[in-house]
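The next block holds one structure in the form of structure tokens; read it before the comments.
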Amino acid sequence: MRVIPLMTAAVVTAGLYYAVIERDALLAFARGEQISDETASADASAPSDAPKTTATAAETAAARATSADKTGNSGVGVVALRSTARGIDSAVVLRGQTQAIRQVEVRSETTSTVLSEPLRKGAQVKAGDLLCKLDPGTRPSTLLEARARLSEAKIRVPEAQARLDEARARLKEAQINLTAAAKLSEGGFASETRLASSQAAERSAVAGVATAETGLETTSAGIEAASAQVAAAEKELARLDILAPFDGLLESDTAELGSLMQPGSLCATVIQLETIKLVGYVPETEVNRVTIGAGARAELANGRNVEGKVTFISRSADPTTRTFEVEITVPNPDLAIRDGQTADIVISAEGAKAHYLPQSALTLNNDGQLGVRVVKDDMTVGFYPIQLLRDEASGVWVGGLPEKADVIVVGQDFVVAGVSVAPTYKEVSQ
């Protein structure tokens, strides 16, 4: 009765052995394939912590066998891609949004009530079109009063000038009398009293000239003050008509009839969309790759593709994100692009040489560097760190390799730098 448990244990042990130790051979047997003893022993001797690849053990073994037959080399069989570097257009990719080229909130500069009927949002306006008309109130009367004061000030100018001329004549007469009195006094023909009287008259005439000049200056100042009052009154009247600053669209209704406007009250919002901006933010690591005038394209959230040129690059970084603002100007004659749409932006940058490889060819070395393994001229493996330049659905563009390289695309995870290999080559088109 103890024979059956022993047989069961033996069967279970054998099953576990083939399931764990001879797993590859068991799978190959289940698929109807045959693995040579050399291949099986080579696979069994591979390190237990070697990375797994997308290629199956059977495919790797077949590649090794084929390479050994063709080359006679006893190295590890791999498949290598003969790749030549090609020029590609590099690009800076960022996410942003659309903005109107111009947007202004037109506000009141004075206090009054609205007399005009409102214009509805979405209406087209031209530069100089009336948006809001305000009640003038007493402002016309204020202007008339200021103009009257200006006229009065101007009338006083001839009178002040005449007074100045009279004062100057009296000064000249006093100076002649003083000269005569001084000469007569020297000859003893005039008394000291007469000389002193002539001197006093001369000083009085000098003071009269100064007073007349002051009066003329005061009259001129009155003219300037009256002119300023007239200008202020005219400006106040001009503020009653709130006009569109440029051609555009009304983004909001204009102020309603009868509403009270105060300085700073909103009359309307006008935007211009014939030309639109794409605004994005470039990381500081890539800002030097973007130049003024560089071509750019963008895909909007609705699927529309647009093209334009870079017109602005910020010189200061955002203190929070450490990114730089970039603006791209795009024509929008049909107004189909709206303000605030999300956009995926691609800005053209200086081109570079790159290799186009399948993503499966990428691997890591012992230091964790991303790169590819290549077949060197002496049929040994070499490792090159690479830079990912562009990612596409069928492969990746990478830099950091020589102009021509034999990149291992099958079996690269079973070899390390310096190991001899027996490569099977295929061209890029294969």
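The values are calculated or read from the model by the stated rules, or taken from the named source; none is laboratory data. Nothing here was measured: the structure is a model prediction, and the numbers come from that model. Cβ sites come from the backbone with ideal geometry, for glycine too, and all protein chains shown count toward neighbours. Ligands, DNA and RNA are stripped out before the accessible areas are found, and what is left, the full protein with its side chains, is counted by its heavy atoms. Shrake-Rupley method; radii C 1.70, N 1.55, O 1.52, S 1.80 Å.
Note on region 303-320: residues that are more than 16 Å from P283 (Cα to Cα) and open to solvent by 80 Å² or more (accessible area, probe 1.4 Å) amount to 4. Among the residues of region 325-339, those that are open to solvent by less than 30 Å² (accessible area, probe 1.4 Å) and within 19 Å of V92 (Cβ to Cβ) comprise V326, I328, V330. Annotation: of all residues in region 227-242 being under 44 Å from the mean Cα position of the chain (by Cα) and among the hydrophobic types (A, V, I, L, M, F, W, C), the one that is farthest from T113 (Cα to Cα) is A231.
With region 67-167 as the region, which strands (runs of 3 or more DSSP E) entirely inside it contain at least 2 residues that are open to solvent by 90 Å² or more (accessible area, probe 1.4 Å) and more than 30 Å from Q387 (Cα to Cα)?
Fully inside region 67-167 and qualifying: 91-107.
Quick check: is even one residue across region 230-242 in a loop (DSSP other than H, G, I, E, B) and open to solvent by 30 Å² or more (accessible area, probe 1.4 Å)?
Checked region 230-242: at least one residue is in a loop (DSSP other than H, G, I, E, B) and open to solvent by 30 Å² or more (accessible area, probe 1.4 Å).
Evaluate region 203-210: report whether one residue or more is open to solvent by 50 Å² or more (accessible area, probe 1.4 Å), farther than 30 Å from N305 by Cβ, of a type in the set (D, E, K, R) and modelled with pLDDT under 90. Yes, region 203-210 has at least one match. Is it true that Q387 is surrounded by fewer than 16 Cβ atoms within 10 Å (Cβ to Cβ), farther than 30 Å from E274 by Cβ and either in contact with a Ser or Thr (Cβ under 6 Å, 6 or more places away or on another chain) or touching a residue at least 12 places away in the same chain (Cβ under 8 Å) (or both)? In short, yes. Listed by position, the strands (runs of 3 or more DSSP E) contained in region 330-430 that have at least 1 residues being over 28 Å from V290 (Cβ atoms) are 370-375, 381-385, 404-410, 421-426.
Going by the conditions given, is K353 at pLDDT below 90, within 44 Å of the chain's Cα centre (by Cα) and open to solvent by 60 Å² or more (accessible area, probe 1.4 Å)? Here the answer is yes, as K353 does meet what is asked.
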